[in-house]
1. Please arrange TYR45, TYR94, TYR86 by how many other C-beta atoms lie within 10 Å of their C-beta, fewest to most.
2. Please report, in cubic angstrom per residue, the volume enclosed by the convex hull of the alpha-carbon atoms of segment 69-109.
3. Compare the Cα positions of MET34, TRP75, PHE13 along the charge dipole of segment 7-127 (+1 at Cβ of Lys, Arg; -1 at Cβ of Asp, Glu; about the Cα centre) and return the one farthest towards the positive end.
4. Per 10 Å bin, what percent of the C-alpha pairs of segment 12-54 does each bin hold, from zero upward?
5. Volume per residue, Å³, of the convex hull around the alpha-carbon atoms of segment 7-127?
Amino acid sequence: MKQKDIPLKTKRFYKVKNPKKNFLCALCSAPRSMKYSKQLGAMNYLQIILISSALTLSLFNIIGPKVIFSVFVVWAVFEIVNKLLYRKEIPCPYCGFDATWYRRDVKKANQLVKEFWAKNYPELVSPKLDETILDESQNIPPEQLETAEAPSQTAVN
């Protein structure tokens with residue numbers, strides 16, 4: 001069975017056609033590219049005008065002058081789809097780091113990265129207790145969370 005290639009070790013990264021933004025991942029320093037931008041571009045607005053004018057011409061006899069407002073519906077659809085595609089591109093495909101989650105909640109971003117590594121590269125994740133993801137609902141005393149190194153450190157002191 002062929003082992004899964006790890007992009008960070010093999011230096012084989014994804015290539016994006018016509019990227020809008022090139023940058024490095026903040027966590028793993030892998031080269032990243034994004035195809036979609038946060039706002040709609042000039043080409044998107046041209047597409048909105050063309051689609052809404054085609055809808056207006058085809059539906060004017062059926063609906064009447066109200067069909068002119070279809071431009072707002074088409075615009076809303078374009079905005080929603082663009083935002084969804086942009087949000088889908090933000091997490092790093094190599095390490096799972098999501099900068100938007102990091103800005104909102106560092107602990108949640110850390111949990112998402114750990115879940116990404118546990119799901120995609122389980123052979124690389126060490127089974128230490130301090131690296132496991134614990135729910136905040138669990139009430140585990142701090143004495144049970146000590147690792148194997150903690151008793152040796154107290155013996156040295």
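1. Working: TYR45 12, TYR94 21, TYR86 16.
So the residues, fewest neighbours to most, are TYR45, TYR86, TYR94.
2. Working: hull volume 2.5 nm³, N = 41.
In segment 69-109, the Cα hull volume divided by residue count equals 60 Å³.
3. PHE13
4. It works out to 24, 36, 23, 13, 4, in whole percents.
5. Cα convex hull per residue, to the nearest whole number: 145 Å³.
No lab work stands behind these numbers, since they all come straight from the coordinates. What you see is a predicted model, and the numbers here were worked out from it, not measured in a lab. Neighbour counts run over all protein chains shown; Cβ positions are idealised from the backbone, glycine included.
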